Amino acid sequence: MSAFDTTIRLVYLAAATCFVLGLHLMNKPVTARRGNLLSAVGMAAGISAALAVLIRAQTVSVTAWIVLVSGAASGAGFGLLAARRVRMTAMPQLVSLFNAVGGGAAALVGVHDFLRSGSLAARESIPLAVDVLIGGITFTGSLIASGKLQGWIPGRPILVRGGRVVSLILGVAVIVTAVLVGGGLGGDGALAALGFGALAFGVVMVLPIGGADMPVVISLLNAFTGTAVAMAGFVIGNTVLITAGALVGASGAILTKLMADAMNRSIGAIILGGFGTGDTATPVVPGSAAGVRPLSADDAAIQLAYAAKVVVVPGYGLAAAQAQHELAELAELLESRGVEVSYAIHPVAGRMPGHMNVLLAEAGVPYGQLKEMDEINPEFGQVDVALVVGANDVTNPAARRPGTAISGMPILDVDKAKIVIVVKRSMGHGYAGIDNELYTNPKTGMYFADAKKALADMTAAVKVLVG
């Protein structure tokens, strides 16, 4: 082995080490930024090593280099522009789009290598079949998920008569075709059938899934992306692709399991179609529901200003209103008065894993104040005020009894606090499409307004109150 080959392998090893350490650092919000940066350094090193191999081989034409550089430049430019301009409410859609690009690119890598070589050995044809199968499903499935989150496609489960039967038949056909490709049979025709079948199956798989399950679907498709990338690495014999893809696939699978457990639902039940979306729920006029107690900004300010301990429960409504900075300002004002403020984060709050963490971090909320469900639930009995901002199903006590759409789903024990303030635009349902029993609890006060305006009004009222 030459010194050049040894150097390349060492660079690949260093890149893989960066990926592992970066993923470990992403376990905690306080170190996640460093983990992300370290992973980016590892990716840059891996790409540089791959380019060095191409340059040394001197087998790439000028036209190919132009295409390569143009693609890399346009991709990097789009990624930078999207990352800097994306709103926090649109982050799930962007992640889904990245999943689609990753899965599609991985599938194309495998297809190109097959077309270039004409045939592959068994150790390469099997990863090729898995690569095209999973990559195709991820590409179209992620595009459908992104469209649902963006509102271009209805967020409710889209079901058609006989759709399950068609999906089953298509799934069996795709698997059979994948076996043929993996066995080196069928040639170009089988590979093309597998590709188109996988693309179609991605569509029929995600369309019946409702908006409430999107956090789990995004995690699952992320795991698919990683697996497709790893398979592409086996096809072309690239160590960095194998390592990076395996890490993404494994971490995505673990996260998917954790998210499903947080909803007390099996992954199979989610894939078969489940909860819809509350986006189309009919709003109820504030105060029209029996037992609902409306609050004013002054009422909320008095309860917050004279509390010793306040727990904020953020939900998608906070992201939709882009009210994270107003929330942070209110919390800082309360802390200046000696109030202990923390944030209760439910695993499936928002529309993607970690959505609330990212949202609050953008507003400068200290990482130490963000508490996961298992950590914060035992504390609610000692909380003076629980401030629920745009969260719905994850606070619904109906989950504790059988016979409801969310029975058994772990929730935040908000109703155990001494006082509950809920900021919500209306009495509209959440994703599960059922009434939230928290809203009619005698200790709950409802502040009906857009979260941005409501939090700003509360902050102003607290300032007036304390002089």
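Points worth noting:
- For the chain, the solvent-accessible area with a 1.4 angstrom probe is 46 square angstrom per residue.
- What the Cβ-Cβ distance of ARG116 and MET43 gives, at R0 = 30 Å and to the nearest 0.05, is a FRET efficiency of 0.75.
- Above-threshold pairs, the threshold being 25 Å between Cα atoms, out of LYS257/LYS371; LYS28/LYS443; LYS309/LYS371; LYS148/LYS416; LYS257/LYS416; LYS309/LYS424: LYS28/LYS443; LYS148/LYS416; LYS257/LYS416
- Largest first, the three principal axis extents of the alpha carbons in the chain are 75, 54, 35 Å in whole numbers.
- HN-Hα J in Hz across the stretch 401-411 - Karplus 6.51, -1.76, 1.60, θ = phi - 60°, x for Gly and Pro: 10, x, x, 10, 5, 10, 4, x, 6, x, 10
- Helix axis angle, 91-117 relative to the chain longest principal axis, alpha carbon, degrees: 10
- Amide proton proximity set for VAL312, modelled H, under 5 Å, gap of 5+: SER342, TYR343, ALA344, LEU387
- For the chain, the fraction of 1.4 Å probe accessible surface lying on carbon and sulfur atoms is 66 percent.
- Angle between the chain longest axis and helix 239-262 axis [Cα atoms, degrees, rounded to 10]: 30
- Nitroxide proxy distance, nm - points 7 Å out along Cα→Cβ at GLN150 and VAL20: 3.8
- HN-Hα J in Hz across the stretch 166-174 - Karplus 6.51, -1.76, 1.60, θ = phi - 60°, x for Gly and Pro: 4, 4, 5, 4, 4, x, 5, 5, 5
- For THR59 and GLU340, a Förster radius of 41 Å and the Cβ-Cβ distance give a FRET efficiency of 0.05, rounded to the nearest 0.05.
- Placing dummy labels 7 Å off each Cα toward the beta-carbon, the span from ALA460 to ARG33 is 3.2 nm.
- In degrees, nearest ten, helix 122-150 long axis to first principal axis of the chain (Cα): 30
- Per-pair calculated FRET efficiency, R0 = 45 Å: ASP5 and ALA192 via Cβ, rounded to 0.05: 0.80
- Here the stretch 393-426 is scanned for amide nitrogen atoms under 15 Å from the site 7 Å beyond the Cα of ASP435 along Cα-to-Cβ, giving 396-399, 404-405.
- Normalised alpha carbon radius of gyration of the stretch 120-228 [divisor 2.2 N^0.38 Å]: 1.12
- Student exercise, the chain dipole from Lys, Arg, Asp, Glu Cβ charges, in Debye to nearest 20: 420
- Helical content alone sets the calculated 222 nm signal of the chain at -20000 deg cm²/dmol, taking -39,500 (n - 2.57) per DSSP H segment of four or more residues and averaging over every residue.
- Contact order normalised by residue count of the stretch 13-136, Cα under 8 Å, 6+ apart, percent: 16
The values are calculated or read from the model by the stated rules, or taken from the named source; none is laboratory data. If you're wondering where the values come from, they're calculated on a predicted model, not measured in any experiment. Please note: Cβ atoms are built from the backbone with ideal geometry, for glycine as well, and neighbour counts cover all protein chains shown. With ligands, DNA and RNA removed, areas are computed over all heavy atoms of the protein, side chains included. Shrake-Rupley method; radii C 1.70, N 1.55, O 1.52, S 1.80 Å.
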